[in-house]
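The values are calculated or read from the model by the stated rules, or taken from the named source; none is laboratory data. Please read these numbers as outputs of a predicted model, since none were measured by experiment. Glycine gets a Cβ as well: all are built from the backbone with ideal geometry, and neighbour counts include every protein chain shown.
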Amino acid sequence: MPSDFPRSRRVAEQIRQELADILWREVQDPRVKGVTINAVEVTSDLEHAKIWFTVMTGDHQAAAKALQHTVGFLRRALAQRMRLRLVPSLTFQYDESVERGVHLSQLIDEAVEEDKRHPHDD
């Protein structure tokens, strides 16, 4: 790997991929079924990982509680899949950027429609 791609970024990407697969295939909790892992940030010492997620359907607060409840299982599953001496502690953070993007897109669409209904004289 090139030196401009630090180990923490490689580990973060692998954690993202592995967690997505674990959530899809192995976690049985229905509150977690709509969860998508958007990004993972790992500290340089690889001890802590912040996982940003969104929920396609359902309540994001219920999903966050379910993820926190399964954190031990997720760490064990990551330990089995990854070659790390220590699996980082996992903290889940709801990613509001998707919701904000959808809201902004709706506002833009509404403004365009309003402009079409009331053309401006130039």
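Structure values in brief
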item	result
Some residue of region 71-85 being of a type outside the set (D, E, K, R), closer than 19 Å to I15 by Cβ, at pLDDT 90 or above and touching a Lys or Arg at 6+ places or on another chain (Cβ under 8 Å)	no
Count of region 8-45 residues which are at pLDDT below 90, assigned to a loop (DSSP other than H, G, I, E, B) and either of a type in the set (G, A, S) or surrounded by 16 or more Cβ atoms within 10 Å (Cβ to Cβ) (or both)	4
Test: residue in region 56-73 that is aromatic (F, W, Y), outside any loop (DSSP other than H, G, I, E, B) and over 25 Å from S97 (Cα atoms)	yes
Members of region 82-110 found to be more than 19 Å from T36 (Cβ to Cβ) and either part of a helix (DSSP H, G or I) or aliphatic (A, V, I, L, M) (or both), listed by number	M82, L84, L86, V87, L104, Q106, L107, I108, D109, E110
Per-region count, region 83-122, residues β-branched (V, I, T) and without any contact (Cβ under 8 Å) to a residue 12 or more places away in the chain	3
Which numbered condition F73 misses (of (1) of a type in the set (F, W, Y); (2) over 16 Å from the mean Cα position of the chain (by Cα); (3) surrounded by 16 or more Cβ atoms within 10 Å (Cβ to Cβ))	(3)
